[in-house]
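Chemist: What follows is a structure written as structure tokens; I'll ask about it next.
Values quoted throughout were computed directly from the atomic coordinates according to the rules given, and no laboratory measurement underlies them. Nothing here was measured: the structure is a model prediction, and the numbers come from that model.
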Amino acid sequence: MAVNLVVGTNSYIDVPTAQTYFDDRLYSDAWENATDDNKAKALIMASKKLDRLPIKGVKANYYQSMEFPRALETDYRYWQYMSLTIDAHFYGYWYVEPAVTDNVKNAVCEEALALLKGVPKRIELQRQGVKSFSFNGGMSENYGNGKNMLLYSQEAREFMQPYFGSVSLA
């Protein structure tokens, strides 16, 4: 059965648009070698992962099914000068994104690629709370607290950084 990807309902980006992103990206073999159904599944799963992140703001529209676009509380006095150069939508002290940003779409692509590549064992160990690991008493690794493992892709985390605000994931 074909995967039913619906932008704005279960994904932030469709397969053809994601393909455009990957056309300009190095080392995207896992994406290129995946079937269209697996690409769609990866985009849906990556979008769901982004929706579970502890991000600032609220949904731009209460009735939207996904977390983006966002309404972000801001200091209007600062942004009134910036509105001359950006597509700004302000309601009181809230900046309301008119659409899902490229950062979010790019983060979905990067996380989908990481999912298609497969999750390395060391990341799974960190997510499970393992602090250190040794192999036959020789090689060993020590891990942090694993908070930054909410997303597998470092690139996706970097694209999402503007939404973290005071929320620390590192």
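Chemist: Cross-link list Lys39/Lys59; Lys56/Lys105; Lys56/Lys117: which exceed 21 angstrom alpha carbon to alpha carbon?
Modeler: Lys39/Lys59; Lys56/Lys117
Chemist: Another question, if that's okay. State, as an integer percentage, the relative contact order of the range 1-79 based on alpha-carbon contacts under 8 Å between residues 6 or more apart.
Modeler: Working: 61 pairs, mean separation 23.9, N = 79.
This gives 30 percent for the range 1-79.
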